[in-house]
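Okay, structure first, notes after.
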Amino acid sequence: METMDNMEKQMHRIADHLERAQLAEYVQLLNSPRKLIVSNIIAGTARGVGIALGFTIFSATIVYVLRQLGALDLPIIGHYIAELLESVQAQYDGGPLY
C-alpha cells in the first residue's frame, strides 16, 4: 500500500512538472503550422524593431560622445574625431561618401 502512495505522489509530481513546462501547449503549437508561422513572424518583427531601436540609440550616443570629445580640442585625437564626425555628418546629409 505504501508503494502505491509513493507512486501516486510521483505521478502527481510528474504531472505538475509537465503542466509547468506547458508541454501540451507546445505540442499544439507544433501541430498547427499556421499558428507557428504567425508567432514566428511576430517574434521576428519584434526582434528586428528592437535591434533597430537599440542600434539607433547606441549610435546616437556614440556620435554625441564623439562630438563632446571633438569640442574638447584634444591635441592628439581631436583631428581624427573631427574627420570622423565630418564623414558621419556627410552621410547623414546625403552628401558624398568618404
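Structure data summary
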quantity	calculated
Some residue of segment 25-45 being assigned to a helix (DSSP H, G or I), under 30 Å from SER87 (Cα atoms) and in contact with a helix residue (DSSP H, G or I) (Cβ under 7 Å, 6 or more places away or on another chain)	no
Unmet criterion (only one of (1) at pLDDT 85 or above; (2) at positive phi; (3) not small (Gly, Ala, Ser)) for ILE37	(2)
Options ALA43, ALA15, ALA24, ALA52; residue that is at pLDDT below 80 and not β-branched (Val, Ile, Thr)	ALA24
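The values are calculated or read from the model by the stated rules, or taken from the named source; none is laboratory data. None of the values given here were measured: they were computed from a predicted structure. Cβ atoms come from the backbone with ideal geometry, glycine included; neighbour counts cover every protein chain shown.
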